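What follows is calculated from the coordinates using simple rules that are stated; it is not laboratory data. This one's a predicted model, so the numbers in the text were calculated from it and none came from an experiment. We place every Cβ from the backbone using ideal geometry, glycine too, and count neighbours over all the protein chains shown.
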Amino acid sequence: MILNITCIPGDGIGPEIVTQAKKVLEKVASKYGHEMRFTDILMGGASIDACGEPLTDEAIATAKAADAVLMGSIGGNTSTSPWYKLPPEKRPEAGLLKIRKALNLFANLRPAYLYEELAAACPLKEEISKAGFDMLIMRELTGGLYFGERKTVEENGELKAIDTLTYSESEIRRIAIKGFEIARKRRKKVTSVDKANVLDSSRLWRKVVNEVAENYPDVTVEHMLVDNCAMQLVKDPAQFDVILTENMFGDILSDEASMVTGSIGMLSSASLNDSKFGLYEPSHGSAPDIAGQDIANPIATVLSAAMMLRYSFDLDKEADAIENAVRQVLKDGYRTGDIYSAGTTKVGCNEMGDLLCERI
Ligand code: NAD
């Protein structure tokens, strides 16, 4: 199979971690008889410096022409970088919003997985963490409160702010279908999270999710109120497989879920559109404090590349090979600085990439 992939190395540690992910993908391609065709584009600070804007129309056209996009991370030190003296629409992050919109990426997937070898970094009590957990948060990314009408008005001598939360049946249906499809590739359980005891948008969410569920009799569906879900994530995270939820609830819950793994350098993510197309990136930022020192952890980006093989190309065996290599490298005791503990072997970003390739 020929895989046309647009890469966005980005800023900070982005270029270092994307180089490792490309290396791992090349290794998978040579083992399983595929051909990787990478085209790099600029985004974020790198694009501001070279082209005067965070994402050009040509770069978007290149991304659209690819089968999938693999990204490192964008942005600089928000206190010291000159990029943050620019107006908000010219700053690095504006590139990210622009590409998400241009590619219609409405479904955000963030897995949270606790590796046995890294259990000590998990902030939960041992009696909870020893059960392990392996969940995926499926968050609606282009609707709800963050995209509704908003305004601030003066009323009776004081300011009043209004944000609106809107969801249509079709917006809920398309994300619910994604959630059930992905549950089929996992342990076949969907927990739909809402606030249906209060919000109309949540009552509609629940109705549509139940309708979609009828087409997936092999997938178990349950509904959970968001406040309960926030508690259950720290009380019994092992119960979750796919958590399906709207934009703001997903924003908060996915950060909570990533915190309980205790290792930000390990967490991948994907944003998908209606087709198989997706943008894959680590959950962390561009870590300008450690850029250019060959000490960043490339695993979140490598695991994002595995998600790309699984969700955009249906190459499950190849994705498994990457995920198994990550497990093996941890079992063999190799760690980058962020996940290092006494008794393990500290390695740099480039060496971690080599060690992963050896295990493919
Ligand atoms: P960050 O995730 O970049 O860094 C937080 C801390 O985690 C830092 O100490 C960093 O060194 C460490 N860290 C992060 N990733 C690591 C890795 N792979 N290996 C080892 N250590 C790692 O968050 P921040 O400092 O708040 O943000 C820095 C920049 O990244 C900002 O400009 C921010 O806007 C941007 N950002 C971009 C994205 C994105 O591109 N999607 C997401 C989040 C933040």
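A few remarks follow.
- Every pair of different Cα atoms in the stretch 123-261 enters the Kirkwood calculation, which places the hydrodynamic radius at 16.0 Å.
- Peptides 295-305, 253-263, 322-332, 4-14 ranked from most to least packed give 295-305, 4-14, 253-263, 322-332, packing being the mean of other C-beta atoms within 10 angstrom over each peptide's residues.
- Rounded FRET efficiency, nearest 0.05, which uses the C-beta distance separating K195 from I128 and R0 of 22 Å: 0.30
- Fraction of beta bridges assigned by DSSP in the stretch 123-261 that are antiparallel (%, nearest 5): 30 percent
- Three-way shape call for the stretch 1-143 based on the alpha-carbon gyration tensor, with the a/c threshold at 1.5: oblate
- When +1 charges are put on Lys and Arg Cβ atoms and -1 charges on Asp and Glu Cβ atoms, the dipole computed for the chain relative to its Cα centre reaches about 520 debye.
- Beta-bridge orientation, the chain: approximately 40 percent antiparallel, per DSSP, counting only bridges with both partners inside.
- For the chain, a/c is less than 1.5, where a ≥ b ≥ c are the root eigenvalues of the C-alpha gyration tensor. That puts it in the rounded class.
- Global form of the stretch 106-174, assessed from the alpha-carbon gyration tensor, a/c cut-off 1.5: oblate
- Legend: calculated FRET efficiency, M1 to Q293, from the Cβ-Cβ distance at R0 = 51 Å, rounded to 0.05, equals 0.90.
- Shown is the FRET efficiency for K346 and K85, computed with R0 = 51 Å from the Cβ-Cβ distance and rounded to the nearest 0.05: 0.85.
- Cross-linked pairs K64/K317; K64/K98; K64/K101; K101/K207; K178/K207: Cα-Cα separations exceed 20 Å for K64/K317; K101/K207.
- Paramagnetic reach from N228 (point 7 Å along Cα→Cβ, amide N under 16 Å) across the stretch 183-216: 190-199, 202-203, 206-207, 210
- Note on A65 and D163: the extension gain reaches 31.7 nm, defined as 0.36 nm multiplied by sequence separation minus the Cα-Cα distance.
- Flagged links, alpha-carbon separation over 27 Å, of K189/K346; K130/K188; K22/K331: K189/K346
- Proximal lysines to K160, defined as alpha-carbon separation beneath 23 angstrom and excluding residues fewer than eight positions away on the same chain: K151
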